Amino acid sequence: MTTERIPPPLVGDERTMLRAHLDYHRATLAWKCDGLDTERLRELSMPPSTLSLLALVRHMAEVERTWFRRVINGEDVPLVWSDSFDFQEAYDASEATREEAFAAWEAEVAHARRIEAAAPSLDVTGYQARWEEDVSLRMVMLHMIHEYARHNGHADFLREGVDGTVGA
C-alpha cells in the first residue's frame, strides 16, 4: 500500500489552503503506516505508554468525529471506542486491527470532508461543550492541522522505532 501525499499549493484562497494542508497531514499519518501489518502498527513507543502508530490512527478517528460531527455538525454520536467520552481509550490498540482502525478513521475523514464542503463558509460555528463556547469551522480546521502535525511528529519517531524508516 502506498499513500499518495499531494503537497499543498503555495498560493490559494484561505479555504483551499486549509483544506489542502489538512489533507496533506492526514495523508502523512497514513503514509507513516504504509507497509506495516497490525502487529507492527501495535508496537509501543516506550512501555508502559500505550502510544503506537495504530493508537494514533484510532485517536485521530476520535478527533475527526468530535470536531466535525459532534461540534460543527451538532450530531449526537458517541466516540468510536469510548462510552465514557475518554479519548485515552483509543490509545489502547492492543486488541485492535489495522483494518478496523483504518476503516473507522477513513469513515470519519469522509464525514469531515463532507461537512466541511457543505459549510457555506469558514465562519460557520458549532458548540464545543468542553469549552462551553462556539467555535468556527476555521478554528476547527486550524486545530486539526495542529493536531495532525503534532501527532505526525510522534509518528516519525514511532515508525523509526518499528523498522528504521525515517523522513516525511
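Numbers for the structure displayed
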{"read-out": "Any pair with Cβ under 6 angstrom, 6 or more apart, that starts in segment 151-168 at a residue that is under 9 Å from Ser45 (Cα atoms) and ends at one that is open to solvent by 50 Å² or more (accessible area, probe 1.4 Å) and assigned to a helix (DSSP H, G or I)", "value": "Val162/Arg40"}
{"read-out": "Near pairs, Cβ below 6 angstrom, 6+ apart or cross-chain, from segment 86-100 (at negative phi) to any residue that is in a helix (DSSP H, G or I) and surrounded by fewer than 17 Cβ atoms within 10 Å (Cβ to Cβ)", "value": "Thr97/Thr38; Arg98/Thr38"}
{"read-out": "Residue satisfying all of: in segment 86-104; outside any helix (DSSP H, G or I) and of a type in the set (A, V, I, L, M, F, W, C); modelled with the lowest pLDDT among these", "value": "Ala93"}
{"read-out": "Segment 118-147: number of residues that are open to solvent by less than 10 Å² (accessible area, probe 1.4 Å) and free of Cβ contacts under 8 Å to residues at least 12 places away in the same chain", "value": "0"}
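One line per residue, one yes/no per condition, for (1) surrounded by fewer than 17 Cβ atoms within 10 Å (Cβ to Cβ); (2) modelled with pLDDT of 95 or more; (3) more than 19 Å from the chain's Cα centre (by Cα); (4) not in a helix (DSSP H, G or I):
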| position | (1), (2), (3), (4) |
| --- | --- |
| Arg69 | no, yes, no, no |
| Ser84 | yes, no, yes, yes |
| Glu116 | no, yes, no, no |
| Ala149 | yes, yes, no, no |
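The values are calculated or read from the model by the stated rules, or taken from the named source; none is laboratory data. Because the structure is predicted, anything quoted here is derived from the model rather than measured. Virtual Cβ from ideal backbone geometry, glycine too; neighbours counted across all protein chains shown. All accessible areas refer to the heavy atoms of the entire protein, side chains included, with ligands and DNA or RNA removed. Shrake-Rupley method; radii C 1.70, N 1.55, O 1.52, S 1.80 Å.
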